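J.: Quick one: structure below, then a few questions.
Quick note: the coordinates plus some simple rules give every number you see, no bench work behind them. Computed from a predicted model, the values in this text were never measured in an experiment. So basically every Cβ, Gly included, is an ideal-geometry build from the backbone, and we count neighbours across all protein chains shown.
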Amino acid sequence: SVEQTLSIIKPDGVQKNLIGEIYSRFEKAGLRIVAAKMMHLSKEQAGEFYAVHKERPFFNDLVNYMTSGPVMVQALEGELAVNVNRDLMGATNPADADDGTIRSDFADSIEENIVHGSDAVETAAAEIRFFFGSDGICPRTR
Ligand code: CMP
């Protein structure tokens, strides 16, 4: 079924000038960009977005990294978009990511891993709402 998912090109991906390369991978995989914006997250925004990780040992580093430069945030739409995007990204740790995935090709470490993608349809809806509100997207299929 057609789904939407939330994608972030993280500060290292923007710094490495990979926005077009990554957008091209989305499009070639049949995903449509239905909302997008570049923004420099505040610590408050990054902490709220990653609130589920608040108790993890890497939380402070994660907030510092995610606020270290601008990010590119997009909502993607397409058949099974959540898993199509996860397959394009590869495993969280680039050392474990399959060849040809975004993280295998470009990421330096488990933290600086270039992209974020929603892990399920339910979290995707919440993450899209977090960045774009309830009517900030331009869906093509309904
Ligand atoms: P992401 O998929 O955006 O979700 C949480 C982020 O925390 C993850 O990508 C990484 O950028 C970062 N991170 C840092 N260390 C770890 C770790 N040990 N396990 C999972 N995520 C980590």
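J.: Working only within the range 34-48, note down all residues that are buried (at least 16 other Cβ atoms within 10 Å of the Cβ) and not in a helix (DSSP H, G or I).
T.: Result: VAL34, ALA35, ALA36, LEU41.
J.: Say we look at the range 28-86 and pick out the residues that are within 12 Å of the ligand (Cβ to nearest atom) and basic (Lys, Arg); which of these is nearest to PRO139 (Cα to Cα)?
T.: Going through the qualifying residues, I end up with ARG86.
J.: Right, next: Determine which single condition GLU55 fails, assuming it passes every other condition in (1) in contact (Cβ under 8 Å) with a residue 40 or more places away in the chain; (2) of a type in the set (D, E, K, R); (3) out of contact with any strand residue (DSSP E or B) (no Cβ under 9 Å at 6 or more places or on another chain).
T.: (1)
J.: Could you list, in sequence order, all residues of the range 112-142 that are in contact (Cβ under 8 Å) with a residue 40 or more places away in the chain, part of a loop (DSSP other than H, G, I, E, B) and under 13 Å from the mean Cα position of the chain (by Cα)?
T.: Those that are in contact (Cβ under 8 Å) with a residue 40 or more places away in the chain, part of a loop (DSSP other than H, G, I, E, B) and under 13 Å from the mean Cα position of the chain (by Cα): GLU112, ASN113, ILE114, SER118.
J.: Now for a separate question. Can we say ILE128 is in contact with a helix residue (DSSP H, G or I) (Cβ under 7 Å, 6 or more places away or on another chain) and buried (at least 22 other Cβ atoms within 10 Å of the Cβ)?
T.: no
J.: So, in the range 99-109, of the ones that are farther than 14 Å from PRO11 by Cα and not charged (D, E, K, R), which residue ends up surrounded by the fewest Cβ atoms within 10 Å (Cβ to Cβ)?
T.: Residue satisfying both the conditions and the ranking: GLY100.
J.: Looking only at the range 20-32, which residues are more than 15 Å from THR101 (Cβ to Cβ) and surrounded by fewer than 16 Cβ atoms within 10 Å (Cβ to Cβ)?
T.: GLY20, GLU27, GLY30
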